[in-house]
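Peer 1: Below you will find the structure I want to go over with you.
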Amino acid sequence: MKLLVVGGGGREHAIIKKLKENPEVEKIFALPGNGGIAADAECVPIGAKDIPAMVAFALEQQVDYAVVAPDDPLVLGAVDALNEKGIPCFGPTAAAAQIEGSKVFAKDLMKKYGIPTAAYESFDDAAAALRYLDTAEMPIVVKADGLALGKGVIIAQTREEARQAVVSMMEEGMFGQSGSRVVIEEFLAGPEVSILSFTDGETVVPMVSSMDHKRARDNDQGLNTGGMGTVAPNPYYTEAIAAQCMEEIFLPTIRAMKAEGRPFRGCLYFGLMLTPKGPKVIEYNCRFGDPETQVVLPLLESDLLTVMRATTEGTLAQTEVKFSDKSACCVILASDGYPQKYQSGFEMTIAPEALPHAFVAGAKLADGKLLTSGGRVIGLTAVEDTLPQAIEEAYTLTGMVHFENAYCRRDIGARAMKAFKEA
Ligand code: AMP
Ligand code: GLY
């Protein structure tokens, strides 16, 4: 079989490595992939958002199945365009991808179907938003409506900060069109849990739970990033909470999307906050999370391609999806300075023992050498019997990768370890 995977980060590397475990897979094209992915797939210089070129390439190569991993092409309709030409795909249609593409859509869906989430108001007029802030309780959360690379969320401690966030998004165009509408919502507190799920529009199968570390610096200081590391499973997510989430959140969401005429097929990501009043949805993503995928897929024991095709064909209820009961930890090595200014172009070396554990996010090949080319450069994942062992081993692996301005958080997994002490 010939597969095509759209995207070029650590998530896509993890997906490609897992897909390759199926002996029927003869070839994988990555569009555009990256210098590290090139060891596992043929990288083709077509951007993830260039849908016409993507479709033409898929037809020319007669690919049997495509996986569209990033949010942008999904929201832009890559799956619709590939399906139209008869190419089966993993991922939601553009209509279903609105669950991530518009926060207003997602919030209104939750309100309409009684799915627990933070109380909110949405605004497309800055003056009205500012008036609302005059009497709202602080802290409060201001979110740009559209896609903003995970950076369109501002948690304001004071009224002044909240006003500033509204002005930057709605009047100064900080996130372009994405910020012309905003959601202002109640601040929630509690441990965060990421649940990726497979769904065919009817059946939903949650994957092993995970925990992201979004802030750049130790102890959750510094700016929000795409994610600096992950652990799985997430010890805060007990079986009782899982059952409650299935009943109150996962199934109602899948049914709501179907009822709205936007059945969701692919990977639906539930970003949850475990509040004192029960689990609530912080966000939906219409795709695998990154770096969550870098701990979740290494724990998947079933064949990924089989499960993906079941979501496309509507046969997920009859398909086994099994996860190992081990623990995984992924530590991201980034270019120091990320998510703001950083230097790149440094040579990266990876010891052979670390290669099977490495998911490359930002590197390119030049004369056979890997040169860093992004903020997040590489993820190193360890799978062990227990979480402390996985954490220790993941940090050992980071010692086997070298580039000049490498930076990582030193406390990935520390918050999860606290859950055991609190229990
Ligand atoms: P999002 O892009 O919606 O996932 O938001 C990014 C991060 O902001 C989340 O992972 C949370 O840590 C935080 N966040 C978002 N919404 C809220 C909220 N209502 N209350 C507290 N924190 C939030
Ligand atoms: N790690 C969070 C995300 O992928 O959106």
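Peer 1: Return yes or no: is Ala14 more than 18 Å from the chain's Cα centre (by Cα), of a type outside the set (Lys, Arg) and assigned to a helix (DSSP H, G or I)? Working first, answer last.
Peer 2: Numbers: more than 18 Å from the chain's Cα centre (by Cα): no; of a type outside the set (Lys, Arg): yes; assigned to a helix (DSSP H, G or I): yes.
Here the answer is no, as Ala14 does not meet what is asked.
Peer 1: Moving on to the next point. Looking only at residues that are buried (at least 22 other Cβ atoms within 10 Å of the Cβ) and within 15 Å of ligand 1 (Cβ to nearest atom) in the stretch 165-177, which one is nearest to Val75 (Cα to Cα)? Before you say what the answer is, go through the steps one by one.
Peer 2: At the first step, the residues of the stretch 165-177 found to be buried (at least 22 other Cβ atoms within 10 Å of the Cβ) are 165-166, 169-170.
Add one more test, that the residue is within 15 Å of ligand 1 (Cβ to nearest atom), and what stays is 165, 169.
On the way: Ala165: 25, Met169: 21 Å.
Taking the candidates together, the pick is Met169.
Peer 1: For the stretch 146-194, which residues satisfy the criterion of being free of Cβ contacts under 8 Å to residues at least 60 places away in the same chain, assigned to a loop (DSSP other than H, G, I, E, B) and within 16 Å of ligand 2 (Cβ to nearest atom)? Break it down into steps so the answer makes sense when it comes.
Peer 2: Quick first cut of the stretch 146-194, residues free of Cβ contacts under 8 Å to residues at least 60 places away in the same chain only: 146, 148, 152, 154-180.
Filter once more, so that each one left must be assigned to a loop (DSSP other than H, G, I, E, B): 146, 148, 152, 157-158, 172-175, 180.
Selection gives Gly146, Ala148, Gly152, Phe175.
Peer 1: Going by what's in this entry, would Arg262 be described as under 24 Å from Tyr113 (Cα atoms), within 16 Å of ligand 2 (Cβ to nearest atom) and part of a loop (DSSP other than H, G, I, E, B)?
Peer 2: Numbers: under 24 Å from Tyr113 (Cα atoms): yes; within 16 Å of ligand 2 (Cβ to nearest atom): no; part of a loop (DSSP other than H, G, I, E, B): yes.
No; evaluated as a whole, the condition is false for this residue.
Peer 1: Read through the list (1) farther than 12 Å from Ser210 by Cα; (2) away from ligand 1 (no atom under 12 Å from the Cβ), then give the number of the only condition that Glu283 fails.
Peer 2: (2)
Peer 1: Let me ask something else. Where residues in the stretch 269-289 are closer than 18 Å to Gly227 by Cβ and more than 11 Å from ligand 2 (Cβ to nearest atom), which of them is surrounded by the fewest Cβ atoms within 10 Å (Cβ to Cβ)?
Peer 2: Residues of the stretch 269-289 that are closer than 18 Å to Gly227 by Cβ, as a first pass: 269-273, 282-289.
Subset that is more than 11 Å from ligand 2 (Cβ to nearest atom): 270, 272-273.
Details: Phe270: 24, Leu272: 26, Met273: 19.
Result: Met273.
Peer 1: Does Leu299 satisfy the condition of being crowded, with 22+ Cβ neighbours inside 10 Å and either within 16 Å of ligand 2 (Cβ to nearest atom) or touching a residue at least 12 places away in the same chain (Cβ under 8 Å) (or both)?
Peer 2: Details: crowded, with 22+ Cβ neighbours inside 10 Å: no; either within 16 Å of ligand 2 (Cβ to nearest atom) or touching a residue at least 12 places away in the same chain (Cβ under 8 Å) (or both): yes.
In short, no.
Peer 1: Let me ask another. Out of all the residues in the stretch 244-252, is one or more crowded, with 20+ Cβ neighbours inside 10 Å, touching a residue at least 40 places away in the same chain (Cβ under 8 Å) and either polar (S, T, N, Q) or part of a loop (DSSP other than H, G, I, E, B) (or both)? Let's see the steps before the verdict.
Peer 2: The first filter runs over the stretch 244-252 and keeps only residues crowded, with 20+ Cβ neighbours inside 10 Å, leaving 245, 249-250.
Now drop any that are not touching a residue at least 40 places away in the same chain (Cβ under 8 Å), which leaves 245, 249-250.
Those left that are additionally either polar (S, T, N, Q) or part of a loop (DSSP other than H, G, I, E, B) (or both): none.
No, because not a single residue in the stretch 244-252 is crowded, with 20+ Cβ neighbours inside 10 Å, touching a residue at least 40 places away in the same chain (Cβ under 8 Å) and either polar (S, T, N, Q) or part of a loop (DSSP other than H, G, I, E, B) (or both).
Peer 1: To continue, here is another question. Considering (1) among the acidic types (Asp, Glu); (2) surrounded by fewer than 17 Cβ atoms within 10 Å (Cβ to Cβ); (3) in contact (Cβ under 8 Å) with a residue 40 or more places away in the chain, say which one Asp212 fails and leave the rest.
Peer 2: Evaluating Asp212 over (1) among the acidic types (Asp, Glu); (2) surrounded by fewer than 17 Cβ atoms within 10 Å (Cβ to Cβ); (3) in contact (Cβ under 8 Å) with a residue 40 or more places away in the chain leaves (2) as the failure.
Peer 1: Quick check on the stretch 128-155: of everything there that is within 29 Å of the chain's Cα centre (by Cα) and more than 18 Å from Lys103 (Cα to Cα), which residue is surrounded by the fewest Cβ atoms within 10 Å (Cβ to Cβ)?
Peer 2: Result: Met138.
Peer 1: Find the strands (runs of 3 or more DSSP E) located wholly in the stretch 17-123 whose residues include 3 or more that are surrounded by 18 or more Cβ atoms within 10 Å (Cβ to Cβ) and among the hydrophobic types (A, V, I, L, M, F, W, C), and list them. It would help to see each step written out before you state the result.
Peer 2: Values: elements: 27-32, 65-68, 120-123.
Hits in the stretch 17-123: 27-32, 65-68.
Peer 1: Picking from Ala189, Ala162, which residue would you name as being among the small types (Gly, Ala, Ser) and either more than 10 Å from ligand 1 (Cβ to nearest atom) or under 19 Å from Tyr269 (Cβ atoms) (or both)?
Peer 2: On the way: Ala189 fails: either more than 10 Å from ligand 1 (Cβ to nearest atom) or under 19 Å from Tyr269 (Cβ atoms) (or both).
Answer to the selection: Ala162.
Peer 1: Okay, moving on. List the residue pairs whose Cβ atoms are under 7 Å apart, where the first residue sits in the stretch 334-345 and is free of Cβ contacts under 8 Å to residues at least 40 places away in the same chain and surrounded by 14 or more Cβ atoms within 10 Å (Cβ to Cβ), the second is of a type in the set (Ser, Thr, Tyr) and not in a loop (DSSP other than H, G, I, E, B), and the two are 6 or more positions apart or on different chains.
Peer 2: Close Cβ pairs (under 7 Å, with a partner that is of a type in the set (Ser, Thr, Tyr) and not in a loop (DSSP other than H, G, I, E, B)) amount to Ser344/Ser335; Ser344/Thr372.
Peer 1: Would you mind finding the one in Met207, Met211 that is under 18 Å from the mean Cα position of the chain (by Cα), of a type in the set (A, V, I, L, M) and within 12 Å of ligand 1 (Cβ to nearest atom)? Break it down into steps so the answer makes sense when it comes.
Peer 2: Values: Met207 fails: within 12 Å of ligand 1 (Cβ to nearest atom).
After applying the criteria, what remains is Met211.
Peer 1: Might you let me know whether the stretch 373-395 holds any residue that is of a type outside the set (S, T, N, Q), more than 22 Å from Val231 (Cα to Cα) and either in contact (Cβ under 8 Å) with a residue 40 or more places away in the chain or surrounded by fewer than 22 Cβ atoms within 10 Å (Cβ to Cβ) (or both)? Before the answer, list the steps.
Peer 2: Going residue by residue through the stretch 373-395, those that are of a type outside the set (S, T, N, Q) are 374-380, 382-385, 387-388, 390-395.
Imposing the further condition that a residue be more than 22 Å from Val231 (Cα to Cα) reduces the set to 374.
Restricting the remaining residues to those that are either in contact (Cβ under 8 Å) with a residue 40 or more places away in the chain or surrounded by fewer than 22 Cβ atoms within 10 Å (Cβ to Cβ) (or both) gives 374.
Yes, the conditions are met somewhere in the stretch 373-395.
Any read-out appearing in this document is the output of simple, stated calculations on the displayed coordinates, not a laboratory observation. Remember, predicted model here, so these are calculated numbers, not experimental data. A quick note on method: Cβ atoms are made from the backbone with ideal geometry, for glycine too, and the neighbour counts reach across all protein chains shown.
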